[in-house]
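Undergrad: Dropping a structure here in structure tokens format, bear with me for questions.
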Ligand SMILES: [Zn+2]
């Protein structure tokens, strides 16, 4: 069973995740890995079928009121096609 988290198209192993825990940022940030509120929902690029990477994460109510009841918005992208998709978790 994998972690379900990806970076540069490769799934992160549990060992890598353990080392990255100290860098976990729950607020507004660019890049890195998503601070999921609910289940992991890594989107896959509709063109090349590779897991998309986090481009930006926004914490509702921190700098913007997104109407997500304290949730988060995640903007993912595929650097190959420059395609993006927005996910929200209230
Ligand atoms: Zn793609």
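Undergrad: Subtract the Cα-Cα distance of residue 8 and residue 44 from 0.36 nm times their separation in residues, and report this length gain in nm to one decimal.
TA: Stretched fully, the residue 8-residue 44 segment lengthens by 11.7 nm.
Undergrad: Over the Cα atoms of the chain, what radius of gyration and what Dmax do you get, in Å?
TA: Considering the chain through its Cα atoms, Rg and Dmax are 13.0, 36 Å.
Undergrad: How far apart, in nanometres, would the label points at residue 81 and residue 37 be if each is projected 7 angstrom from Cα along the Cα-to-Cβ direction?
TA: Going by the 7 Å Cα→Cβ label model, 2.8 nm.
Undergrad: Can you tell me how much longer the chain between residue 16 and residue 62 gets when fully stretched, taken as 0.36 nm per residue apart minus their C-alpha distance, in nm with one decimal?
TA: The residue 16-residue 62 span can extend by a further 13.7 nm.
Each value in this text was obtained by applying a stated rule to the coordinates, not by laboratory testing. Note that this is a predicted model, so its numbers are computed, not measured. All Cβ positions, even for glycine, are placed from backbone atoms using ideal geometry, and neighbour counts span all protein chains on display.
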